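These notes concern the structure reproduced below.
The values are calculated or read from the model by the stated rules, or taken from the named source; none is laboratory data. All values derive from a computational prediction rather than experimental measurement. Neighbour counts run over all protein chains shown; Cβ positions are idealised from the backbone, glycine included. Quick note on the areas: whole protein, heavy atoms, side chains included, nothing else; ligands and nucleic acids left out. Shrake-Rupley method; radii C 1.70, N 1.55, O 1.52, S 1.80 Å.
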Amino acid sequence: MSPYAQDYLDKVLLTYFGEPTEMVAWDKLPLNMHYAQGTVQDGSGRQLSLELSEPHTAIPEGTEVLWMGGNLAGQPSSWIKTWNEEKHLATLEMPLASNPDEGTPVILGPGEILADGRMLYAEHCQHCHGVTGDGMGPTAPYLNPKPRDYRRGIFKFTTTQSSKKASRHDLKNVIENGVPGTYMPSFKLLTEEESTAITEYVMWLAMRGEVEYQLIRLLGDGYSLEAIADRTEDGSETATEIQNEFLESVNDPDSFPAEVDSIVSRLANDWESSQEEASEVRPLTPRVPYSKESIAKGRALYLKDSLKCAQCHGEAGFGDGSQTLAVSKDEAGQDNVGLGLYDTWGNHVKPRNLHTGIYRGGRRPIDLYSRLYAGIKGTPMPAFSTTLLRRSNPEDPNSEMTDEDIWHLVNYIYSVPFEDVQAGSESQAVDPAPASDDPTENEVAAK
Amino acid sequence: MKWFWCLFFAFWPTLTVALCLASPGLGWWFPGEAASPLGQRIDDLFYLILIICTIAFIGTQAGLAYVLFRGAYDTEPEAVTKKAWHSHGSHELEVIWSVIPAIVLLFIAFYQMDVWAEYRVKSAFPRDKMETALKRVNQKRTTKDSLALAEVTARQFEWLIRYPGFNDDGTLKPLMKDPQPTDLYAVNDLHLPASAPVMINLRTMDVQHSFFLPELRIKQDAVPGLTIPIWLEANKQQTYQLLCAELCGWGHYKMKARFVAESDENFIEYLRQLEREQNEDRVDDEPEPSDE
């Protein structure tokens, strides 16, 4: 990037996101940054009755009340001494200078959730995921798989449609339950407020990183050092002319500023729509009961050429399919350096060995269903909802796969760790049997 | 200067004893009373050993102070000057201060054996009481099945818990050595019935960890390759801390979990809740699901 383009990029990020220690509360971002927002119902002396938007987080002592309009707009903030949640009544530390008008908009604890999230992130997450969420914290070099780089706004294990981003619920689920089989541990003992704060901060980092990534692509198009070298090579343009053109674009509200606005709006919309209920993966039919027949059907689907499951996961499900030894392409269409499969972040990935019984995105049927239906974002695991028609009418002959088929596959995947010879065959033991006839073999006494 | 050193060496043991006496009131002692019958017996043993050590400590420090002050006094100008007395030792004294501690140690070794056996020797586990507890939660089991109600597997840096699932008739299956399709899983959240001796199987997936319930005075290393049975009994229905007491890697400090001791009904309800969550297919709660 040319120095002036880099300066502009830094300035945009600093203006709209600030720094981790001095964050900017940018209302355009669809984040729950404040403890609560609401309007004044009544206020005099040290008492303030508020109507708050729901849901809101707990309001602790010392919460700032920021006046957003009315006769107190621009006045210094007030601070809450005690808060009555039932009556939504605040007792302030100091008496009000004047009585606020009814309906005066207020923000309680402006930006506090993000500030809390930053502290918790620094305590629990930063040493793996890095200060900027780039997945390059000091512990990251020793971990395999690598910690997530949030800056592309892509999270692997979600229960949202393939074209959508992660929902808050998905991120919270990962924080609460960890990612089995990786170094991401469970943070179940965090309070609801704490995991909310971390979730919002992680989303903030993801949005900041994605804006930066999109701006680099935008500015790099004509103003990277390579682009400038190309443009000046034939002598038709000089470096000074290019710089002047850049500065003109920066100062023209219809040019770069409009582009930045458009990037951020698109990104905000993407995140916002991903939180809606319609973005969730919802099966049309309930889970097919776990039975030998269903497992056998799932096994047949698994081996079907058009679904290509075995090409990655191997015929027996050991994660050793032919694709693990093939040359794959990266996002730019170039061959990857090594054989096998790579994710969006350029990391070599292995298809899951289904015999381990470890499901990184969760072991609920809906989790496995989501993996099959919407894929694993950022990895070569495809979304079957986009490659195959989803047959709402089971009699539709144009569809290769139905909801029930996905459930058969889910049942087959569940059965793999327990199969004796071949899943779905008569020899498979589905019912649990005592591990050993000799009970002492089940336990080892430490004598 | 010699009086300074006499006071210096007498001051620290005095301060140590004073601090030890004050520490229970300052909350520097155990995390509350032992919350299990076995824990109370372990505490009793601890206090017995502490009393023996305190007597020995005060005795030896008083002896040291006497020798220091006496020696310093003897070199004062006004004191009757004594010549230094050299000795090659006393066999009688050597025998006395070897035999007395040996007797004390042997006494402790034999005295604690019952508690140790009950805690760690499997044949001394309160098996009958454990079986009664399993009956209380209506678990169908044969004499071949494990007495354990859950398997706790430590891994960097969390506690994975595996419970048996339910039979078709609603009774609790026995816990199998190997994972079963019907098993129920939780992480960092161990629930077991209170007021009854219950057993868990402890394992580790990677390095050595240590299963530590400080309030119950239970601590057991989890050793790779071994499945170690531990029994425990919480006196009250409440939430306790579950920690890792073995430095197991950079995230050791994160390896915190909760142990919830609850009524039999709540324990079964918790397992039912896990079963519901585990079988969640997002269909029933949405009568008309949206399509993409």
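Points to keep in mind about this one:
- Listed residues B:M255, A:M381 arranged by accessible area, highest first, probe 1.4 Å: A:M381, B:M255
- Ordered by 1.4 Å accessible area with all protein chains kept, B:L243, A:L92, A:L189 run largest first as A:L189, B:L243, A:L92.
- Calculated [222 nm] ellipticity per residue, helices only, for chain A: -11000 deg cm²/dmol; basis is -39500 (n - 2.57) per DSSP H run with n ≥ 4, divided by all residues, nearest 500.
- Accessible surface ranking that places the most exposed of B:R217, B:R276 first, with a 1.4 angstrom probe: B:R276, B:R217
- Surface accessible to a 1.4 Å probe, A:H348 within the full protein complex, Å²: 100
- Projected onto planes of every orientation and averaged, the convex hull of the alpha-carbon atoms in segment A:181-238 covers 6.6 nm².
- Rounded to the nearest 10 degrees, the inclination of helix A:403-415 to the longest alpha-carbon principal axis of chain A is 70 degrees.
- Candidates B:V198, B:V104, B:V187, ranked by Gaussian network fluctuation over chain B, Cα under 10 Å, top entry: B:V104
- Here segment B:29-98 is treated with +1 on each Lys and Arg Cβ and -1 on each Asp and Glu Cβ, and its dipole about the Cα centre works out to around 140 debye.
- Angle in degrees between helix B:91-111 and the longest Cα principal axis of chain B, rounded to the nearest 10: 20
- Centre-to-centre, using Cα atoms only, segment B:177-193 and segment A:342-389 are separated by 24 Å.
- Stretching the chain fully between A:T91 and A:R152 yields a gain of 17.6 nm (0.36 nm per residue, less the alpha carbon separation).
- Each of B:S210, B:T153, B:L184 was scored by the projection of its Cα onto the charge dipole of segment B:127-279, and the greatest displacement toward the positive side belongs to B:S210; charges sit on the C-beta of Lys, Arg, Asp and Glu.
- Take A:F418: with every protein chain present and a 1.4 Å probe, its accessible area is about 40 Å².
- For segment B:127-279, the fraction of C-alpha pairs farther apart than 20 angstrom is 45 percent.
- Using the Cβ-Cβ distance between B:K144 and A:L303 with R0 = 51 Å, the FRET efficiency computed as 1/(1 + (r/R0)^6) comes to roughly 0.85.
- Average projection, convex hull of the Cα set of chain A: 31.7 square nanometres.
- Debye-sum result for segment A:284-348 in log10 I(q)/I(0), which assumes one identical scatterer on each alpha carbon, at q = 0.17, 0.21, 0.22, 0.27 Å⁻¹: -0.72, -0.87, -0.91, -1.11
- Since only A:N244, A:W271, A:F318 are under comparison, the one whose Cα sits farthest along the positive direction of the charge dipole of segment A:207-334, derived from C-beta charges on Lys, Arg, Asp and Glu, is A:F318.
- For segment B:127-279, averaging the sequence separation of C-alpha pairs within contact (under 8 Å, six or more residues apart) and dividing by the residue count gives a relative contact order of 25 percent.
- Less than 5 angstrom separates the built amide H of A:R148 from none of the residues sequence-distant by 5 or more or on a different chain.
- Most fluctuating residue given options B:A257, B:A234, B:A65, as computed from a GNM of chain B linking Cα atoms under 10 Å: B:A65
- For segment A:252-387, the Cβ-based charge dipole about the Cα centre amounts to some 1260 debye (Lys, Arg positive; Asp, Glu negative; other atoms uncharged).
- Local net charge near B:E33, Cβ-Cβ under 9 Å (Lys/Arg +1, Asp/Glu -1): -2
- Using a Gaussian network model of chain B in which every pair of alpha carbons under 10 angstrom is joined by a spring, one finds that among B:G225, B:G251, B:G89 the greatest mean-square fluctuation is at B:G89.
- Space enclosed by the convex hull of the alpha-carbon atoms of segment A:1-95, per residue, Å³: 136
- Over chain B, volume per residue of the alpha carbon convex hull, in Å³: 224
- When accessible surface is computed with a 1.4 Å probe, chains A and B are found to bury approximately 4500 Å² between them, both chains counted.
- Expressed in units of 2.2 N^0.38 Å, where N is the residue count, the Cα radius of gyration of segment B:24-176 is 1.88.
- Nearest-ten-degree value, helix A:3-17 long axis tilted from longest Cα axis of chain A: 90
- Karplus-derived HN-Hα couplings along segment A:372-379 (A = 6.51, B = -1.76, C = 1.60, θ = phi - 60°), whole Hz, x at Gly and Pro: 6, 6, 10, x, 10, 4, x, 10
- Rolling a 1.4 Å probe across all protein chains gives A:D234 an accessible area of roughly 120 Å².
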